[in-house]
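Novice: Sharing a structure, written as structure tokens. Questions coming.
The values are calculated or read from the model by the stated rules, or taken from the named source; none is laboratory data. Because the structure is predicted, anything quoted here is derived from the model rather than measured. Ideal geometry is used to build each Cβ from the backbone, glycine not excepted, and the neighbour counts take in all protein chains shown. Heads up: the accessible areas ignore ligands, DNA and RNA and are worked out on the full protein's heavy atoms, side chains in. Shrake-Rupley method; radii C 1.70, N 1.55, O 1.52, S 1.80 Å.
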Amino acid sequence: MNQGERIKKVRNDLGMTQEKFGEKIGMKKNSISQIESGKNSLTEQMFKSICREFNVNPEWLREGTGDMFIEPAIDTAYLVSELLENDNDQFYQAVLELVRTYEQLSQEGRRVIRDFGNRYIENLKNRKK
């Protein structure tokens, strides 16, 4: 199975149309179609977006080995549940407003925020070296 076929498998397993799948990662339906059919290659940015947005195992998407999906870390689930239990907390309110504001952004706006966050994290990693 090639990379385009693996993307199609992810999309089908998630029960998504090409349009909905593309919207989640800031791409058009025809771009997804061309990648699935092998006409276009997957860029590194698209690869990262698919893995991040859908919890896809990068090893599986790149090479076809391992499990298709990865489970979110238990620590993350614990932190989220702890946060949701304290709805009177100022931090909870700030996170809630952050999520609401993000949801109001266009797909392009969301992509810009994600790209900024990724660049910020990379800069932090490079600074530690």
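Novice: Which pairs turn up if I take residues in the range 28-41 that are in contact (Cβ under 8 Å) with a residue 12 or more places away in the chain and open to solvent by less than 70 Å² (accessible area, probe 1.4 Å) and look for partners that are in a helix (DSSP H, G or I) and among the polar types (S, T, N, Q) with beta carbon separation below 6 Å, at least 6 apart in sequence or on another chain?
Specialist: Ile32/Gln18; Ser33/Gln18
Novice: Scan the helices (runs of 4 or more DSSP H) fully inside the range 51-129 and keep the ones with 1 or more residues being within 20 Å of Met16 (Cα to Cα) and open to solvent by less than 80 Å² (accessible area, probe 1.4 Å).
Specialist: Per the criteria, 58-63, 107-128.
Novice: Quick one: which residue in Met46, Met1 is part of a loop (DSSP other than H, G, I, E, B), touching a helix residue (DSSP H, G or I) at 6+ places or on another chain (Cβ under 8 Å) and either open to solvent by less than 60 Å² (accessible area, probe 1.4 Å) or of a type in the set (A, V, I, L, M) (or both)?
Specialist: That would be Met1, the only listed residue that is part of a loop (DSSP other than H, G, I, E, B), touching a helix residue (DSSP H, G or I) at 6+ places or on another chain (Cβ under 8 Å) and either open to solvent by less than 60 Å² (accessible area, probe 1.4 Å) or of a type in the set (A, V, I, L, M) (or both).
Novice: Another one. Does at least one position in the range 98-110 carry a residue that is touching a residue at least 12 places away in the same chain (Cβ under 8 Å), of a type outside the set (S, T, N, Q) and within 25 Å of Arg11 (Cβ to Cβ)?
Specialist: Looking through the range 98-110, at least one residue is touching a residue at least 12 places away in the same chain (Cβ under 8 Å), of a type outside the set (S, T, N, Q) and within 25 Å of Arg11 (Cβ to Cβ).
Novice: How many residues does the range 5-22 hold that are in contact with a helix residue (DSSP H, G or I) (Cβ under 8 Å, 6 or more places away or on another chain), surrounded by fewer than 16 Cβ atoms within 10 Å (Cβ to Cβ) and over 18 Å from Asn57 (Cα atoms)?
Specialist: Within the range 5-22, residues that are in contact with a helix residue (DSSP H, G or I) (Cβ under 8 Å, 6 or more places away or on another chain), surrounded by fewer than 16 Cβ atoms within 10 Å (Cβ to Cβ) and over 18 Å from Asn57 (Cα atoms) number 2.
Novice: Still on this model: When the range 59-91 is examined, which residues are found to be farther than 30 Å from Val10 by Cα and modelled with pLDDT of 80 or more?
Specialist: Result: Gln90, Phe91.
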